[in-house]
Amino acid sequence: CQGMGGLLGAGIGAQGATQSMAPSGPARCLLLRPHCRIGVIADVQWCDIEDGWNYKKTERRAYRGALQAFRRASSWWNDGPDLAVVAQLGDLIDGQCARLGLTATCFDRAREVLDTIRAPTVLNLIGNHELYNFSFDALAEQLNTRRGGLDYYSHSPAPGLRLLVLNGYELSVIGRERGDERYEGALKLLKANNPNDVEQPGDFTKGLVGLQHRFVPYNGAFGKNQLAWFQEQLLAAERAREKVIVLSHLLLHPPLPRSEEDKPSTMAFDYEDFIDAIKARSGVVLAVFSGHDHKGGYHFVDGVHHITFQSPLNKGEEGSAFGRVDVHKDRLVIWSPKLEDLLHATALKAANQEVLTEEACEGVLNEGSSFLFPEGVTLE
């Protein structure tokens, strides 16, 4: 291999016990020939402006540097093993582009990077910042976010594996017009759970407690129609003996607190319905990949890995908040030039790691580092 060896080995299972998963010697490298490779990046959110801050002035944002990181991501994916698909998990450009009249120019430059990606398929998810800049119809035309008339769909990158691409803004007060039942449905949920004026700019979180924090205008709901479709997809996957990875800009599970200041504010309004649907088809869903929360996170619950990837905005061109997920029969291996830029520390602590030598893996590993979630899936 070229450069660094990978990390693979023992990890924490569902019951918290340490499990040794890697055989010794060259045979170990056979495990690194995956069933499917998926490129991942979330919340590029670039804008042609100087660095700034989030609304509460707690997170610095490297707006121009994020585009540079996206360019590096494309080069890294293209130079590595062949990918089946790239998942761009939403918020490609920042909402400030619309306010400053930069939507067209910023989108064109982001589109130029998308066009350099050699993977046969790029799945572009809908985030809140897309909807500050475009309508749903415009996104369908510009980023191919719609299949069969719906803004959520299924994609099969390899036999035995199904990706379910969700739209967390099916019910939303952004990207919809007043009077649209999907706008009014979202507004009703917001007003029932948030005492603040959610139709005017301001601190939407004032007075909110616990899980109420998700009822803010920059989130949305999947809705009953999408839930019914999701349940049908899981049943079909179960009958076909397929495994599922869910792709969603919004989180499907409250994240583990990273600090006392953390609030569960990045989930969909109706996330609980989708968690119940996953539980009803136990063993079908392998993982949920999300963005939206720029600091990232990880939670393993009910046999499902909920992985939230960090944003390139955090470190800009100096960071490497992008990577690749290799799907194996019994595990996921996550690769990145710098894992701490892509995964939060809660993810990095979820498994013990064992370094594979270059000699044992010659010709198998690419330059970079990898990480193991050993509670994997058998793809038949």
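The values are calculated or read from the model by the stated rules, or taken from the named source; none is laboratory data. A quick note: this is a predicted structure, and the numbers were derived from the prediction, not measured. Cβ atoms come from the backbone with ideal geometry, glycine included; neighbour counts cover every protein chain shown. The area values use the complete protein model at the heavy-atom level, side chains included, leaving out ligands, DNA and RNA. Shrake-Rupley method; radii C 1.70, N 1.55, O 1.52, S 1.80 Å.
Among the residues of region 48-105, those identified as of a type in the set (A, V, I, L, M) and farther than 15 Å from ALA119 by Cβ are ILE49, ALA62, ALA66, LEU67, ALA69, LEU92, ILE93, ALA98, LEU100, LEU102, ALA104.
VAL246 passes every criterion in (1) open to solvent by less than 20 Å² (accessible area, probe 1.4 Å); (2) assigned to a loop (DSSP other than H, G, I, E, B); (3) closer than 22 Å to LEU234 by Cβ apart from (2). Of the residues making up region 316-338, those that are outside any helix (DSSP H, G or I) and acidic (Asp, Glu) number 2.
Considering ALA321, ALA347, ALA268, the condition of being buried (at least 23 other Cβ atoms within 10 Å of the Cβ), farther than 23 Å from LEU234 by Cα, in contact with a Leu (Cβ under 6 Å, 6 or more places away or on another chain) and among the hydrophobic types (A, V, I, L, M, F, W, C) is satisfied by ALA321 alone. Taking (1) at pLDDT 95 or above; (2) within 13 Å of the chain's Cα centre (by Cα) in turn, ARG281 satisfies each apart from (2). Which one is nearest to TYR218 (Cα to Cα) among residues in region 111-138 that are assigned to a helix (DSSP H, G or I) and within 18 Å of the chain's Cα centre (by Cα)? Taking the candidates together, the pick is ASN128. For region 274-297, the set of residues classified as touching a strand residue (DSSP E or B) at 6+ places or on another chain (Cβ under 6 Å) and not hydrophobic (A, V, I, L, M, F, W, C) consists of SER290, ASP293, GLY296, GLY297, listed by residue number. Any residue that is of a type outside the set (Asp, Glu), under 25 Å from ALA98 (Cβ atoms) and modelled with pLDDT of 95 or more - is there at least one of those in region 158-166? Yes: one or more hits. Look at (1) surrounded by fewer than 21 Cβ atoms within 10 Å (Cβ to Cβ); (2) farther than 21 Å from HIS249 by Cβ; (3) hydroxyl-bearing (Ser, Thr, Tyr); (4) modelled with pLDDT under 85 and you find that SER370 fails only one, number (1). Looking across GLY11, GLY80, GLY39, GLY52, one residue alone is closer than 27 Å to HIS299 by Cα, at pLDDT below 95, open to solvent by less than 40 Å² (accessible area, probe 1.4 Å) and of a type in the set (Gly, Ala, Ser). It is GLY11. Of the set (1) in a helix (DSSP H, G or I); (2) more than 11 Å from SER265 (Cβ to Cβ); (3) out of contact with any Phe, Trp or Tyr (no Cβ under 7 Å at 6 or more places or on another chain), all apply to GLN226 but (3).
Under the condition of being free of Cβ contacts under 8 Å to residues at least 60 places away in the same chain and under 15 Å from THR121 (Cα atoms), the residues counted in region 57-100 number 5. For the residues ASP276, ASP293, ASP262, the requirement of being among the charged types (D, E, K, R), part of a loop (DSSP other than H, G, I, E, B), open to solvent by 10 Å² or more (accessible area, probe 1.4 Å) and without any contact (Cβ under 8 Å) to a residue 40 or more places away in the chain singles out ASP262. Note on region 143-153: residues that are of a type outside the set (Lys, Arg) and surrounded by fewer than 17 Cβ atoms within 10 Å (Cβ to Cβ) total 4.
Taken together, the residues in region 82-110 that are in a loop (DSSP other than H, G, I, E, B) and in contact with a Phe, Trp or Tyr (Cβ under 9 Å, 6 or more places away or on another chain) amount to 5. Which residue is nearest to ALA287 (Cα to Cα), if the candidates are limited to region 164-209 and must be open to solvent by less than 30 Å² (accessible area, probe 1.4 Å) and part of a strand (DSSP E or B)? Within region 164-209, the match that is nearest to ALA287 (Cα to Cα) is LEU164.
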